[in-house]
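The structure under discussion appears below in the form of structure tokens.
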Amino acid sequence: MDDGVKISVEVVYPTDPGTGERAAGPFPVLLTQNPYGAGRSDPTDSGTYFVQRGYIFVASAVRGTGDSGGQVDWFGDRQGRDGASLVEWAAHSLAGSNGKVGLEGCSYLGVNQWFTAAAVGKNSALKAIAPFCTDSDFYNDLTAAGGIPTTFVAGIARAEPRGPEDDPATDPQAVTIAQQAMGGSRSYNDAYWQARNVQKLLPQIVKNNVPALSEAGWNDIFPGGNLDAYVAGQNAYYHRPLNTPIAPGDSVTGRYQAIVGPWTHGEHVDEASLQAIRLEWFDTWLKNAPTGMAATSTPLHLFENGADRWVDSAAWPLSLDARTYYLGNGSLTAAKPAAKGSDSLPWDAATAADTLTYTTAPLTHAALLNGPTDVTLYAKSTTVETELTATLNIVAPDGTVTEQADGILLGSQRATDAEESLYGENKTLLKPSHPFTQASQQPVTPGRTTRYDISLLSHFAKIPAGYRIQLTINSQPPADYHLQVAPIPQQLTNLAGGLYTIKRSPEAASFINLPLTSPSAATPSDDNWGPSS
């Protein structure tokens, strides 16, 4: 690398079917950057599928892991520059290469593709990336939740075999883990995390002329986590504000596509259908194959839960239709409460969290849940900090409850950024954006009714007529919450013994804003974008 650190690589070549010897080539190169050593995540087989179809496959060990030198960090510019150097080496120095390179891999091996694509510069040998199983905004969706650090970075660190020059106690990644645990700068959405926000990388990736096909799952550890990257990529290409919704009729390009399936993290990635999609993507850009894939006018491919079908779209959300339901006495209704009411919710670290449940009447017409959801609570607390978790469910006529989305908010981080928030029709708040910085935090005033806007991650599901919509509120995340949060010591101190009073009164009407539209807004796809379960 440019600083003298050596990166270890394994190179796998196509062979001649008649002799079994290395084929003459030249071939395009697929590169994956892996932090997990010999115990690879995805793909598990050194790219055999792609090698057998005319690609050289290069698996490199991320700096500070495996046999590579240097010290490991949590993504960022340094790994991006390493990736850019590997791309140039694979294009111009690797025997058998035809000078064209693509990036391949899932999870960590997918995420670092974004940073490499931002670092390569214009007119590079990097012709396409396929970041699968990835998120868009690591602080908000993965390494913290609602302003509370999670255990995620520490868990990944334990899975990384460290390189000969790395010290797990002092490397840059260890600094991140320590600061998150004790309330340092990186427990907030500071400059470190801003530099790792994939959405903010997209203008440079677009400028570098690198197409991207991303993938995530509705049941992933960051459900639908690539959707914001899709929106940012389309907007960057057409010089629109990055977080503006892609509306029906807006210009889109087939250079930035996304798939969201009904999957958990990494599920089905190395099975035939998703491998074939990646192969078609790489053939399009690295072999100039006339696949037609880049010419699509609907580059977003979504599995519609409940309808069990694939939908192609350009817009996201498909519609900005929104409905507001107000919390009542166990109910969700379109009308504001006419009388004063409230519900109590204790915070106690030693016991399972209590649950408040609010449910609509059965829907008279089917609806399509289509995007992110806001839950706005007006509440009093006996303490200077609050922790509130919201879960959105649908309830079948037989009583079966199916979770759709969840979210959490630390009360001292309740400040919202109106410019970054997403609104539906009639300025209905659908995705509140919180700065989550040290400067934006403000203590909760005990005894004062305070507004809390909780952001629930996006979902895409048909809700049949006769089903009900349900909202549950907890003081701490329920056992099936999609991430494990780990409040820092000061947060735990401030939360201890809290009793919350959730208001549902005319002057303090708590509510949920749902992105609901007609199922006719979704157009079935003619293509199969992966397994349906």
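Only residues that are of a type in the set (D, E, K, R) and open to solvent by 40 Å² or more (accessible area, probe 1.4 Å): list them for region 287-309, please.
Those that are of a type in the set (D, E, K, R) and open to solvent by 40 Å² or more (accessible area, probe 1.4 Å): LYS287, ASP308, ARG309.
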Answer with yes or no whether GLN79 is crowded, with 19+ Cβ neighbours inside 10 Å, over 22 Å from the mean Cα position of the chain (by Cα) and modelled with pLDDT of 95 or more.
-> no
Within region 373-398, can you find the residues that are farther than 20 Å from GLY328 by Cα and either of a type in the set (D, E, K, R) or surrounded by fewer than 24 Cβ atoms within 10 Å (Cβ to Cβ) (or both)?
-> THR382, THR383, VAL384, GLU385, GLU387, ALA396, PRO397, ASP398
Considering region 455-490 alone, what residues qualify as being more than 23 Å from ASP228 (Cβ to Cβ), of a type in the set (S, T, N, Q) and open to solvent by 20 Å² or more (accessible area, probe 1.4 Å)?
-> GLN470, GLN476, GLN490
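So for region 311-328 (the condition being in contact with a Phe, Trp or Tyr (Cβ under 9 Å, 6 or more places away or on another chain), modelled with pLDDT of 95 or more, more than 30 Å from PHE27 (Cα to Cα) and among the basic types (Lys, Arg)), does at least one residue qualify?
The initial filter retains those residues of region 311-328 that are in contact with a Phe, Trp or Tyr (Cβ under 9 Å, 6 or more places away or on another chain), namely 311-312, 316-318, 320, 322, 324-328.
The next check asks that each one be modelled with pLDDT of 95 or more; those that pass are 311-312, 316-318, 320, 322, 324-328.
Then keep just the ones that are more than 30 Å from PHE27 (Cα to Cα); that gives 311-312, 316-318, 320, 322, 324-328.
Restricting the remaining residues to those that are among the basic types (Lys, Arg) gives none.
Looking for residues that are in contact with a Phe, Trp or Tyr (Cβ under 9 Å, 6 or more places away or on another chain), modelled with pLDDT of 95 or more, more than 30 Å from PHE27 (Cα to Cα) and among the basic types (Lys, Arg), one finds none in region 311-328, hence no.
So which residues in region 415-433 are in a loop (DSSP other than H, G, I, E, B), surrounded by fewer than 24 Cβ atoms within 10 Å (Cβ to Cβ) and either small (Gly, Ala, Ser) or within 21 Å of the chain's Cα centre (by Cα) (or both)?
Once the filter is applied, which keeps residues that are in a loop (DSSP other than H, G, I, E, B), surrounded by fewer than 24 Cβ atoms within 10 Å (Cβ to Cβ) and either small (Gly, Ala, Ser) or within 21 Å of the chain's Cα centre (by Cα) (or both), region 415-433 yields ALA415, THR416, ASP417, ALA418, GLU419, GLU420, SER421, SER433.
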Just need a number here: residues in region 459-478 that are of a type in the set (Ser, Thr, Tyr) and in a strand (DSSP E or B).
-> 1
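Looking for whichever is in a helix (DSSP H, G or I), among the charged types (D, E, K, R) and surrounded by 14 or more Cβ atoms within 10 Å (Cβ to Cβ) here; the options are ASP321, ASP348, ASP312, ASP283. Which one fits?
ASP283
How about region 326-340: which of its residues are open to solvent by 30 Å² or more (accessible area, probe 1.4 Å) and farther than 17 Å from ARG468 by Cβ? Steps first, answer last, please.
Of all residues in region 326-340, those open to solvent by 30 Å² or more (accessible area, probe 1.4 Å) come to 326, 329-331, 333-336, 338-340.
Matches in region 326-340: LYS336, ALA338, ALA339, LYS340.
Looking at region 454-482 only, could you name the residues that are touching a Pro at 6+ places or on another chain (Cβ under 8 Å) and not basic (Lys, Arg)?
Within region 454-482, ILE454, SER455, LEU456, LEU457, SER458, HIS459, ALA465, GLY466, TYR467, THR472, SER475, HIS482 qualify.
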Only one of ASN219, ASN209 is touching a His at 6+ places or on another chain (Cβ under 9 Å), polar (S, T, N, Q) and surrounded by fewer than 24 Cβ atoms within 10 Å (Cβ to Cβ); which?
-> ASN219
Region 150-208 - residue that is polar (S, T, N, Q) and farther than 18 Å from GLY80 by Cβ and, of those, farthest from the chain's Cα centre (by Cα) = THR170
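Give me a count of the residues in region 251-278 that are in contact (Cβ under 8 Å) with a residue 12 or more places away in the chain, out of contact with any helix residue (DSSP H, G or I) (no Cβ under 7 Å at 6 or more places or on another chain) and hydrophobic (A, V, I, L, M, F, W, C).
Qualifying residue count for the region: 5.
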Taking GLY155 as the residue in question, decide whether it is out of contact with any helix residue (DSSP H, G or I) (no Cβ under 8 Å at 6 or more places or on another chain), under 29 Å from PHE460 (Cβ atoms) and free of Cβ contacts under 8 Å to residues at least 60 places away in the same chain.
-> yes
Can you tell me which residues in region 491-533 are open to solvent by less than 20 Å² (accessible area, probe 1.4 Å), assigned to a loop (DSSP other than H, G, I, E, B) and not hydrophobic (A, V, I, L, M, F, W, C)?
-> GLY498, SER510, PRO515, GLY530
Checked against (1) touching a residue at least 60 places away in the same chain (Cβ under 8 Å); (2) touching a strand residue (DSSP E or B) at 6+ places or on another chain (Cβ under 8 Å), SER421 satisfies every condition except (1)
Sort out which residues of region 108-131 are in a loop (DSSP other than H, G, I, E, B) and in contact (Cβ under 8 Å) with a residue 60 or more places away in the chain, and write them in order of number.
-> VAL120, GLY121, LYS122, ASN123, SER124
Which residues, taken from region 162-182, are open to solvent by 50 Å² or more (accessible area, probe 1.4 Å) and over 30 Å from ASP453 (Cα atoms)?
-> ARG162, PRO164, GLU165, ASP167, PRO168, ALA169, THR170, VAL175
Check on ASP3, more than 22 Å from PHE152 (Cα to Cα) and under 24 Å from the mean Cα position of the chain (by Cα) | no
So LEU392 fits all but one of (1) in contact with a His (Cβ under 8 Å, 6 or more places away or on another chain); (2) over 28 Å from LEU300 (Cα atoms); what number is the exception?
-> (2)
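The values are calculated or read from the model by the stated rules, or taken from the named source; none is laboratory data. Remember, it's a predicted structure, so these values are computed and weren't measured experimentally. Here Cβ is always computed from backbone atoms with ideal geometry, including for glycine, and neighbour counts include all displayed protein chains. For the accessible areas, the whole protein counts, side chains as well, though only heavy atoms, and no ligand, DNA or RNA atoms are used. Shrake-Rupley method; radii C 1.70, N 1.55, O 1.52, S 1.80 Å.
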